[in-house]
């Protein structure tokens, strides 16, 4: 076989060398190009072609070297493009916490890397490995070493993580057991948790609620609905925007608001005791008439009498200048119970700001915070549930974060201690 190479002509050898150079220039490795050339030209093996390439004339060697250099440059550029695509994909995926001013907590970054490990952009994109993601994030100011990642992954949960998990479970259970608590912000949620015996810092509740995407309802601008009756007699304003009372059943404020339902408009009237901001009466109706506000005040009077109140002659009822509240029938009902009527000025919502505030809470926490009610009947049931939540479970800042019911109970407890007989009649 020493003379076996003579089976191939010199022209075939040159063609083989040239072909190898062209294949290398197209991106193939040198050995792959030799194997393919051997197959295409019918040469016995790639090793034979390799020997021809090594023994090729100097000029040929120069062309092959140049072709190889060009091929390596092409591969290098392709690798850079692939790495840039990978880095861009990682940054896009991480944009959720990269937009913040402060560096996210290490557990957040670790969780991101763990979630996206093994991803790629496109079928032929580079795989997102731990090292590559750490490198990209570190280059953009969120430094984390692969060793830091593996340290967090391999060790058990920290004390803070366990504490946060406990708080998250408590808030989730609270919001699931009582859906109306979903309208509470972080401060009132913290108060409710503390009331249930969960010793947690307010800042912790704020942080975990922010991380979980939980937020309370926010008040919106409301449309004015008061329509005064210019011909009706209006009682004087006995309140003068002083919405405070020394005891329950001294000052009630009232107002009503509109609610859109699936069957048309409905209207809800409230009566609020100023002392503890407790809703003592309410009514839902489909018509904005004097019967609406009369039924609400009747509900309030009946509720107080069922609680043992027998004297309402020291009570002032305050409302805006709406035609329903200045109606003769409504005034007569107040007079029957010895209740003094008070009306604010026309077109000035500040004269009845407390009632307006309760209306806003009602709309934000119930009416606008869920799918539209089908009709007045469904709205009435929802209102009953919200009023019970508002009076019994919802902390009120005016009451030093007690609920209205708790604030009244505390007042009567002190009163019974000082004067047991008077506590039964006030």
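Each reported figure results from applying straightforward, stated rules to the coordinates on display, with no laboratory input. This one's a predicted model, so the numbers in the text were calculated from it and none came from an experiment. Cβ: placed from backbone, ideal geometry, glycine included. Neighbour counts: every protein chain shown.
So the values come out like this:
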quantity: Between 0 and 90°, nearest 10: helix 30-41 axis offset from the chain longest Cα axis; calculated: 60 degrees
quantity: Order of 319, 95, 45 under a 10 Å beta carbon neighbour criterion, fewest first; calculated: 95, 45, 319
quantity: Nearest 10 degrees, 0 to 90: helix 376-392 Cα axis against the chain principal axis; calculated: 90 degrees
quantity: R0 of 60 Å, Cβ-Cβ distance residue 130-residue 369: FRET efficiency to nearest 0.05; calculated: 0.90
quantity: Evaluated at q = 0.10 Å⁻¹: base-10 log I(q)/I(0), Debye formula over Cα of region 228-326; calculated: -0.29
quantity: Semi-axis lengths (Å, descending) of the ellipsoid that matches the C-alpha gyration tensor of region 286-426; calculated: 26, 23, 15
quantity: Ordering of 133-140, 10-17 by packing [mean C-beta count within 10 Å, highest first]; calculated: 133-140, 10-17
quantity: Modelled label reach - residue 377, point 7 Å along Cα→Cβ, region 255-285 residues with backbone N closer than 15 Å; calculated: 262-264, 285
quantity: Between 0 and 90°, nearest 10: helix 186-195 axis offset from the chain longest Cα axis; calculated: 70 degrees
quantity: Förster radius 45 Å - calculated FRET efficiency between residue 215 and residue 416 (Cβ-Cβ, nearest 0.05); calculated: 0.65
quantity: Cα-Cα separations in the chain greater than 34 Å, expressed as whole percent; calculated: 58 percent
quantity: Residue 305/residue 105 FRET efficiency (R0 35 Å; Cβ-Cβ; nearest 0.05); calculated: 0.05
quantity: Distance between region 285-359 and region 101-143 - C-alpha centres, whole angstrom; calculated: 62 Å
quantity: Among 238, 40, 415, residue whose mean-square fluctuation peaks in a GNM of the chain (springs only between Cα atoms under 10 Å); calculated: 40
quantity: Helical mean residue ellipticity (222 nm; -39500 (n - 2.57) per DSSP H run of 4+; nearest 500) of the chain; calculated: -16500 deg cm²/dmol
quantity: Peptides ranked, highest mean first, by Cβ atoms within 10 Å: ranges 240-249, 196-205, 363-372; calculated: 363-372, 240-249, 196-205
